[in-house]
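Step one of this worksheet: look at the structure below.
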Amino acid sequence: MSTSGTTPSAPTEEAAGRAVPAPSGTGGPGPDERVAPARLVHRLLIRPELGSLIGAVLVMGFFGFVADGFFTAAGAATWLDDSATLGIMAVAVALLMIGGEFDLSAGVMTASTALITAMLATRAGWSVWPALAVSLLFALAVGALNGWLVVRTGLPSFIITLGTFLALQGLNLGVTRHVTNSVQVSGMRSTDGYESAGRFFASTMAIAGTEIQVSVLWWLVLAALATWLLARTRFGNWIYAVGGAPISARNVGVPVDRTKIVLFMTTAGAGWLVGSINILRYTSVQANQGIGLEFQYIIAAVIGGCLLTGGYGSAIGAAVGALIFGMARQGIVYAKWNSDWFQLFLGVMLLAAVLVNNSFRRRAERSRR
Amino acid sequence: MTNPPTRPPAGQAGSGESAAGASKAPPSGPGTGAHLLELRGVGKRFGSVIALDDVSVTVDAGEVTCVLGDNGAGKSTFIKILAGVHANDSGSYLVEGAPVRFASPRHALDRGIATVYQDLAVVPLMSVWRNFFLGSEPRKGRGPFSRLDIATARATTRRALSDMGIDLRDVEQPVGTLSGGERQCVAIARAVHFGARVLILDEPTAALGVKQAGVVLRYIARARDRGLGVVFITHNPHHAYPVGDRFLLLNRGRSQGCFGKSDITLAELTRQMAGGAELEALAHELDAEAKT
């Protein structure tokens, strides 16, 4: 080290920040002796999902204390179930938000895909599987359109997807009313392939004597997959880059437009998954379903540590954010309170999360690890 | 348009260039003795605006060519032509003696011409090693299991940085936590690592303190010593003179001459940059006003 006068064992602020030429050649591969102490604690402290993990423990403890039956197996199955479909979407929305964009059409997409599947299966007499394939294609097409419009026009995705949100909402109601003369499609139970598709999307598994919805499994698998994607793959690297500094990313050869379009398609695809889970579980779908859910997804992602400006966040955090959501919503029921309190809780939780995440992020940016 | 130069090299700039070219035998080019890069009478217009007119300069391996000019002198246009963002309207652009016409920065990059812009093309919230390999990530595994080779990426980043004499404590820290000079150095090291033969640096020392600027100048010298041709754009003659081998002065889109280091002193360079005759006239004017 050429920072003579500073002993390596006592790193000072002076030595810490400087890129000093090292003629003695100590900067070779391998860990640097100046970073050893307090590294693990620090690593944990600057993780984006830390705030949500603390929040989840607090919420869990709180409702475990005030609500009877919250910690029973049946109770856990209930709040996990509530968290699952929200969590699937929150994970996808988190990826998109890290990539620097929003998708307001994600909530309505869950209804659109369910409606398409249901109409093809019940009205056109299709088997469920091809109906699912068509609704998936529809979702991916809308996602691609969202992405294409955003990257082509350079307009905020907030506005573009607000447009698709409204358009899909109108389409859901208009087409449903035209086809069924009502605002719902039902009768999935008698369709061909309902059984086999149901096993995949809406069955339950017995764990510790309690029936757990398979959607919980989807949620956990997708959260794990998304976390791996972000941390360990090239595409994950690109997601952070296009959200953090799109122009820089483009300058070093990252296909910014393609990355963003794929992220929009991922969100729409997650909407299809949740729509399929819902239609096969409840066997009917309301045309106005899913409206307003898009904000819950964004809230869960923000609680999980995503920045609204992009470039920072965590998929596992978003999954935990959804868990907090589910625990609070069901905890209030278990505590036999009026569910009106949920909104208050939500608002406080969101503000707390944003404040905590903001301070953590500052620490992460400032920190000299 | 690509082939013969549409106009002969301009007198003043051309002579300066050939003198400098002769003084140091360029090791570049496959035994041809051609310059690594050469601009001959290059011009660029945007509509009716003449952004650059009749500029000639050469860049050789193991040398630093400094481009000095005030705001609006045409430095940005000059860089963009070299980097392949714009194509020149007149004159010719030669790489190793052969005329080229780049359709995009990617093509320039493929020929080993790397540009480090002022924004450095780094993502502040991402770690140093992720930034280092962004866009060219090393991977292992096949098909859907293809993943980043993180150990290799970290070790390579650390080695590439230390080869350039940059000693970072931890390649895991976000680039945003580095100082301006360090960030500049990471961007330079990245360009060098990915096979740059010509390094174009867009005002790397602007907005830096004296100490940080010194650090960056040291890395420029190091890149030069490793055999790269460096194009160093700046408006500060005090930064240019210590590392430069050749100085191209731009003013209002025109070349004020291209000088070898032996042909110009720091004082003269400073005088030229400070506005030269214009500033002297202004001084007289102010003097006269003060007397009345």
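Values in this text are rule-based calculations from the coordinates and carry no lab data. Treat the numbers as computed from the prediction; the structure is a model and nothing was measured. Glycine gets a Cβ as well: all are built from the backbone with ideal geometry, and neighbour counts include every protein chain shown.
All conditions but one from (1) at the interface with another protein chain (Cβ under 9 Å from one of its Cβ atoms); (2) in contact with a strand residue (DSSP E or B) (Cβ under 9 Å, 6 or more places away or on another chain) apply to B:Gln118; the one that does not is (1).
If you go through segment A:292-318 and keep only what is polar (S, T, N, Q) and more than 12 Å from chain B (Cβ to nearest Cβ), you end up with A:Gln296, A:Ser314.
Conditions tested, residue by residue: (1) among the hydrophobic types (A, V, I, L, M, F, W, C); (2) more than 10 Å from every other protein chain (Cβ to nearest Cβ).
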{"site": "B:Glu137", "(1), (2)": "no, no"}
{"site": "B:Lys140", "(1), (2)": "no, yes"}
{"site": "B:Ala153", "(1), (2)": "yes, no"}
{"site": "B:Gln184", "(1), (2)": "no, no"}
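Residues that are surrounded by 20 or more Cβ atoms within 10 Å (Cβ to Cβ), at negative phi and without any contact (Cβ under 8 Å) to a residue 60 or more places away in the chain: does segment B:230-239 have at least one? There is at least one residue in segment B:230-239 that is surrounded by 20 or more Cβ atoms within 10 Å (Cβ to Cβ), at negative phi and without any contact (Cβ under 8 Å) to a residue 60 or more places away in the chain. Elements of the type helices (runs of 4 or more DSSP H) sitting completely within segment B:131-235 and holding at least 3 residues that are under 19 Å from A:Gly236 (Cα atoms): these cover B:150-163.
Scanning segment B:138-152 for residues that are of a type outside the set (S, T, N, Q) and surrounded by fewer than 21 Cβ atoms within 10 Å (Cβ to Cβ) yields B:Pro138, B:Arg139, B:Lys140, B:Gly141, B:Arg142, B:Gly143, B:Pro144, B:Phe145, B:Arg147, B:Asp149, B:Ile150, B:Ala151.
Here B:Arg111 clears all of (1) among the charged types (D, E, K, R); (2) crowded, with 21+ Cβ neighbours inside 10 Å; (3) more than 8 Å from chain A (Cβ to nearest Cβ) except the condition numbered (2). Counting only residues that are surrounded by 15 or more Cβ atoms within 10 Å (Cβ to Cβ) and more than 13 Å from chain B (Cβ to nearest Cβ), which one in segment A:221-249 is nearest to A:Pro130 (Cα to Cα)? Within segment A:221-249, the match that is nearest to A:Pro130 (Cα to Cα) is A:Leu222.
So, B:Thr157, is that one of a type in the set (S, T, N, Q), free of Cβ contacts under 8 Å to residues at least 40 places away in the same chain and more than 10 Å from chain A (Cβ to nearest Cβ) or not? Criteria not met by B:Thr157. The test for being over 26 Å from the mean Cα position of the chain (by Cα), loosely packed, with under 14 Cβ neighbours inside 10 Å and not hydroxyl-bearing (Ser, Thr, Tyr) does not hold for A:Arg152.
Taken together, A:Leu308, A:Leu351, A:Leu263 contain a single residue that is surrounded by fewer than 22 Cβ atoms within 10 Å (Cβ to Cβ) and touching a residue at least 60 places away in the same chain (Cβ under 8 Å), which is A:Leu308.
Could you go through segment A:336-344 and let me know if any residue there is more than 14 Å from chain B (Cβ to nearest Cβ), on the phi < 0 side of the Ramachandran plot and crowded, with 19+ Cβ neighbours inside 10 Å. Steps first, answer last, please.
Of segment A:336-344, the ones more than 14 Å from chain B (Cβ to nearest Cβ) are A:336-344.
Narrowing the set further to residues that are on the phi < 0 side of the Ramachandran plot leaves A:337-344.
Within this subset, residues satisfying the condition of being crowded, with 19+ Cβ neighbours inside 10 Å are none.
No, because not a single residue in segment A:336-344 is more than 14 Å from chain B (Cβ to nearest Cβ), on the phi < 0 side of the Ramachandran plot and crowded, with 19+ Cβ neighbours inside 10 Å.
Of the residues that sit in segment B:95-108 and are surrounded by 17 or more Cβ atoms within 10 Å (Cβ to Cβ) and touching a Ser or Thr at 6+ places or on another chain (Cβ under 9 Å), which one is farthest from the other protein chains (Cβ to nearest Cβ)?
Within segment B:95-108, the subset surrounded by 17 or more Cβ atoms within 10 Å (Cβ to Cβ) is B:95-96, B:100, B:102, B:105, B:108.
Restricting the remaining residues to those that are touching a Ser or Thr at 6+ places or on another chain (Cβ under 9 Å) gives B:96, B:100, B:105, B:108.
Values: B:Glu96: 24, B:Val100: 20, B:Pro105: 8, B:Ala108: 12 Å.
Taking the candidates together, the pick is B:Glu96.
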